[in-house]
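Trainee: Got a structure for you, questions after.
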């Protein structure tokens, strides 16, 4: 049992944040992601998906695993606790699905003119509002929530009696024997929870800690037209008003269950991607990006009950709630972004913009040339360019992106170009080293990770430097020429969730703006006046870029592998943002309240690099450097478009960041500015009895699926005999060659799912039991069919029906992946002739090097007695096999096989064939 992590927020902290007794807790913005690659780029020719939701870090987690099977439901995956009647993210019989938060524009604020329902002059306390000329009453009520105590919950009143002598934390508040001394011999520990007179003194639970329920009460005022009130006040002319916030799903929260019910229903999901689109695109009202994968297709569908606003409404401003400007319905299904098998060969999402020209919500300032899905895109493109990938390759791409600093990958190379290689005279003495550490960090891909497990990042200084620099450089670039837009808009200059210990990072921050502004700035000499350390800071960042700007600790020494660079960029980012934009934007960063960095790394919640000020510097610098820019700005903000002035601003921001880092680390030496793993580790909030240790910071979902759906499983078939006599069964079979009445004569073979050459098995419990058959009616003729499998394409003559193969369990192990029945025909005269090859086959019976020879059977998905076919295109080509030289002789195996014909014990005698998925031409 692990102790509760004292560094993680307690349940009491959660309750205080909910009730308003303390500031809100740091929570991940959004960090669900999806990586889906088409079969054209995979080793097996089947699509691969690695995707999952982010639901924070709790003990226990908010998600529960579900495996549900019954009439009109057949799915496995996860759902949110308390709403888990159906699978919300997971897989069905032959497909899988997941989601990321989309954040589309489904919320508006409405200004209501207050009135008195009973007549009389309106005041700011009036409980009515004017709607289409009528005074509509405002509903008011108190909502009470009961929070039960737990180990992570509110502190108790102390221990007593015998609890004072047992050195046990009886009241679960983390303190032993608190509240002592006390008299008596009361009950202790678990006895306090059983309502039993354990000590025989006639009193139940005497002396036990008084851990009571926590009651939270919220006062709610809501309107029937515009949702809950969030504020009251007056206009400048004294008119009393209220402000209401309306979400399109308000009071229709349960309507979206229909989409989940559909995607759990195999009878609804009969048309693959098209069924998926209908299920989620018309069945779910919440704003999500939905991803789909099956054995052939990858797809995307956006869901949102997105309002169509009245003509003349500005979607970025509050709207009069008088009836005249009400929503005019919702955008149609056909207008929702969607995609199927894109030409790029992959789909990805990390909460980025859904599609060009699709409107973002009012508070979204981060969509632009830099967004954290680029961390995924870069790695997926690199992987598929190197050749066909497998599931491990795609997992590696996700994992590698999870420790990379987005600013380091996308913005830092441009910043280093603008800074130049040498700090100017007059700079902070450490500026050169700061620059050099950032440059070195770039060479290692700017990771924030600890491979050697020494407790600091592998490049510990660089993360600290960029964290300190980012806010300063953002202001330096934009404030002067934007009217302090960063401040005025309240923009987030950096997603600071790394330091909030909640995991989320590089989301909704000011990362694209500096990038766009910097793309015009190369080639001029460095200005004077920078801190002497600025050069080293610059060089460390440059080195970090070459290593892919990771924040990770591979050697497990407790600091990141490039520890200085993350610290440098963290310190520099805010300063460079202001340096670039404040002077020429009217302090827009401040005025807009922009987040310059997503600080969730330092909030210990994991999320990072989301909804922050990363794209703006990128675009501004590219614009200055004369590089390609989509939709150029009317002006270049950094240095008012003058390269020398921009360079000076950035070096000055670096010097200021040096002072910040000296204060933070209590050292003037750049080498001491190391970002430790514990600065940003992810801490789980305990809401149960025990906690878990913190984990290294990583930017990824809470739960993920790694999925590759087989068109049909590979099967290794063994000749088999039954232990008891088999009673023949008559069935009616329908496939592409017609309908025939058929007699099943006896068991013929057992077919196990098999791993061929390490390619994996989708469901190791899915078996086939094959029965020799004799057609009572109809004549096959001698049809010629052309099929292509992983060994190539061939044309066959089918001579006669040989077996019917039924999906079966083996030795009582149920299977989750349903497959079709197959009617198998003897195949003759393959053209061109098949060339022998050697493979390694591993199944439940044996692992052997095997020679694959010519095809002997072609199997069609078949309808039995009118029960239908799941995939009418499913085919198997079964090749004769024999053991390669030197392999041990097969020892017969007994297996209990169960299917629609009942249960029987079969003895596998000898390996006979390898059946592989095929496509008919």
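Since every read-out is calculated from the coordinates, none of them should be taken as a lab result. It should be emphasised that the depicted structure is a prediction, and the values quoted were computed from it without experimental measurement. Glycine also receives a Cβ, built like all others from the backbone with ideal geometry; neighbour counts cover every protein chain displayed.
Trainee: Report the Cα centroid-to-centroid distance between segment 65-132 and segment 605-635 in angstrom, as an integer.
Mentor: Distance between centres, Cα-based: 33 Å.
Trainee: Is the shape of segment 331-383 rounded, prolate or oblate, going by the alpha carbon gyration tensor and its root eigenvalues a ≥ b ≥ c, with a/c under 1.5 for rounded and a/b larger than b/c for prolate?
Mentor: Values: a/c = 3.18, a/b = 1.25, b/c = 2.55.
Oblate is the answer for segment 331-383, as a/c is 1.5 or above yet b/c matches or exceeds a/b.
Trainee: Taking Cα pairs under 8 Å and at least six residues apart, what relative contact order does segment 546-637 come out at, in percent? Could the numbers behind the result be given before it?
Mentor: Working: 66 pairs, mean separation 16.3, N = 92.
This gives 18 percent for segment 546-637.
Trainee: Report the extension gain between residue 125 and residue 730 in nm, rounded to one decimal, defined as 0.36 nm multiplied by the number of residues separating them, less their alpha carbon distance. Intermediate results must be reported in sequence, preceding the final value.
Mentor: On the way: separation 605, 0.36 × 605 = 217.80 nm, distance 7.98 nm.
So the extension gain works out to 209.8 nm.
Trainee: Also: Hey, can you rank 281-290, 239-248, 385-394, 674-683 by average C-beta count inside 10 Å, highest first?
Mentor: Details: 281-290: 22.1, 239-248: 19.4, 385-394: 15.7, 674-683: 27.8.
Listed from highest to lowest mean packing, they are 674-683, 281-290, 239-248, 385-394.
Trainee: Same structure, new question: Kindly rank 627-640, 720-733, 690-703, 431-444 from highest to lowest mean number of other beta carbons found within 10 Å of each residue.
Mentor: 431-444, 690-703, 627-640, 720-733
Trainee: Could you work out the relative contact order of segment 665-824, using alpha carbon pairs under 8 angstrom and six or more residues apart, expressed as a whole percent? Before the final figure, lay out each step's value.
Mentor: Details: 253 pairs, mean separation 25.4, N = 160.
Computed over segment 665-824, the figure is 16 percent.
Trainee: Can you sort 595, 116 from fewest to most other Cβ atoms within 10 Å of each residue's own Cβ? Mind showing how you got there, number by number?
Mentor: On the way: 595 32, 116 14.
Listing 595, 116 from fewest to most nearby Cβ atoms yields 116, 595.
Trainee: Rounded, prolate or oblate: which one fits segment 787-890, using the alpha carbon gyration tensor with axes a ≥ b ≥ c (rounded when a/c is under 1.5, else prolate when a/b beats b/c, else oblate)?
Mentor: It is oblate, given that a/c is not under 1.5 and a/b is not larger than b/c.
Trainee: Before anything else, pin down the relative contact order of segment 38-95: Cα pairs under 8 Å, at least 6 apart, normalised by residue count, whole percent.
Mentor: Numbers: 73 pairs, mean separation 12.5, N = 58.
With pairs under 8 Å counted, the relative contact order is 22 percent.
Trainee: How would you order 908-921, 86-99 from highest to lowest mean count of nearby Cβ atoms within 10 Å?
Mentor: Top of the packing list down: 86-99, 908-921.
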